[in-house]
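Participant: What follows is a single structure, and I will ask about it in a moment.
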Amino acid sequence: MGALELNGEIDMLTDDDLHQRLAEFNARRFEPKLPVQDWRAGVEQFEDGALLEGAFLERERRLAAQYCAHCPTDSLGFTAWFEGLRRTGPGQRDPLFLWLAQESTLDQMKWFLTQEVAGEAGFEDLTALTQVRLPTRVKLELARNYWDEMGRGQAKGMHGPMLARLAEALGLRPCARTTVWEALALANTMAGLAANRRYAYHSVGALGVIELTAPDRSAAVAAGLKRLGVPPGDRHYFDLHAVLDVKHFISWNAEAIAPLASESPAIASAIAEGAIMRLLAGQRCFRRYRREFGLEAAA
């Protein structure tokens, strides 16, 4: 399929159709399986999904490039620019989160969390995919982060199951078919960057900017859950990330972003694009959630 034909196909799809298809592609791609006799059919099916994913990611990358075309590419200037995304990046200080902390009902909080859980791509798996054959210093930092995500070898401390326990406690039923496309697009972006080595540096930027920007949002959600009477054990996932991700970003910035950005301007640009791709995906989610809650007038 040629580039023009592929771009035409993606433009003909609605956002919902596109991201439902990519969500199905990612579910198939990452699910452990056994060999089958007709493996060629699976390869052909994978190729169709990979081409669609590539067209989507390149469209997102072109959009992100507009935001970071003039960011510094020297190591010191770049890391300062990256840290500044916490204040100036797309979607930051969105009024949705103050509203969740102070005003949302329990049903509204449940709807929000259902979308977030359905769009969760699994930070530990994304980190494991991203670290393949990266330089030793960077690989070690991603390994330390992965170990924290995995509860340092203790099942009760694993971050993914913590979120699942909250979903179970609140009776949430996350499902791709009932998830807004913006949340699926966020997950599809993260999965696509981590799973394709041509976007390895983009994935480092996207994961790093999560660590940078998640604490404030996590603290707001945790405050909302506390206000709504959710027990500490059930809301621990958000309480933890409000604090731990601050430490994670300091290390990620020093041991992954800075050394990679110092290797070449091209790598710095890729990291920047990945960060902006993730922030734009989050911004779309926040705007969509505000529309759901009738908060369109909020800036």
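Participant: Over the Cα atoms of the chain, what radius of gyration and what Dmax do you get, in Å?
Facilitator: Looking at the chain, its Cα Rg and Dmax stand at 19.0, 56 Å.
Participant: Kindly write out, for the stretch 20-28 in residue order, the coupling ³J(HN,Hα) from the Karplus curve 6.51 cos²θ - 1.76 cosθ + 1.60 (θ = phi - 60°), rounded to whole Hz, with x marking Gly and Pro.
Facilitator: Each residue's phi maps through the Karplus curve to give 5, 5, 5, 5, 5, 4, 5, 4, 5 Hz.
Participant: Further, regarding this structure: Using θ = phi - 60° and the Karplus form 6.51 cos²θ - 1.76 cosθ + 1.60, what ³J(HN,Hα) does each residue of the stretch 78-89 get, whole Hz, x for Gly and Pro?
Facilitator: 5, 5, 5, 4, 4, 4, x, 4, 4, 9, 10, x
Participant: Where does each of 37-49, 221-233, 272-284 land if you order them by average Cβ count within 10 Å, highest first?
Facilitator: Details: 37-49: 10.5, 221-233: 17.1, 272-284: 25.4.
Order by mean packing, descending: 272-284, 221-233, 37-49.
Participant: Right, something else. Which of the lysines could a cross-linker bridge to K226, judged by Cα under 22 Å and excluding same-chain residues fewer than eight apart?
Facilitator: K110, K156
Participant: Rounded to the nearest 500, what is the 222 nm mean residue ellipticity of the chain from helices alone, with -39500 (n - 2.57) per DSSP H run of 4+ residues and division by all residues?
Facilitator: Working: 14 runs with 216 residues, N = 299.
About -24000 deg cm²/dmol.
Participant: Next up: To make sure I understand the rule: partners must be lysines, Cα under 23 Å from the Cα of K139, and not fewer than 8 residues away in the same chain. Which ones qualify?
Facilitator: Leaving aside lysines fewer than 8 places away in the same chain, those within reach of K139 are K247.
Participant: Further question on the same structure: Using amide H atoms built in the peptide plane, which far-off residues or other-chain residues are under 5 Å from V180 H to H?
Facilitator: Long-range HN contacts for V180: none found.
Participant: From the residues F249, I267, Y237, which one has its Cα farthest along the dipole of the stretch 194-299 in the positive direction, the dipole being from +1 and -1 charges on Cβ of Lys/Arg and Asp/Glu about the Cα centre?
Facilitator: Of the listed residues, the answer is Y237.
Participant: Any idea which of Q115, H70, W81 is furthest toward the positive side of the dipole for the stretch 1-122, if Lys and Arg beta-carbons carry +1 and Asp and Glu beta-carbons -1?
Facilitator: With unit charges placed on the Cβ atoms, the residue in question is W81.
Participant: Once you charge only the Cβ atoms, +1 for Lys and Arg and -1 for Asp and Glu, what is the size of the charge dipole of the chain about its Cα centre, to the nearest 20 debye?
Facilitator: Working: 34 positive and 39 negative charges, 145 e Å.
Dipole about the Cα centre, nearest 20: 700 debye.
Participant: A follow-up question, please. Run the dipole for the stretch 152-265 about the Cα centre, Lys and Arg Cβ at +1, Asp and Glu Cβ at -1, nothing else charged, and hand back the magnitude in debye, nearest 20. Don't jump to the answer; show the numbers that get you there.
Facilitator: Details: 12 positive and 9 negative charges, 76 e Å.
Magnitude of the dipole: close to 360 debye.
Computed from the coordinates by the stated procedures, all read-outs in this text should not be read as laboratory data. Note that the coordinates shown come from a computational prediction; the quantities given were computed from them, not determined experimentally. Please note: Cβ atoms are built from the backbone with ideal geometry, for glycine as well, and neighbour counts cover all protein chains shown.
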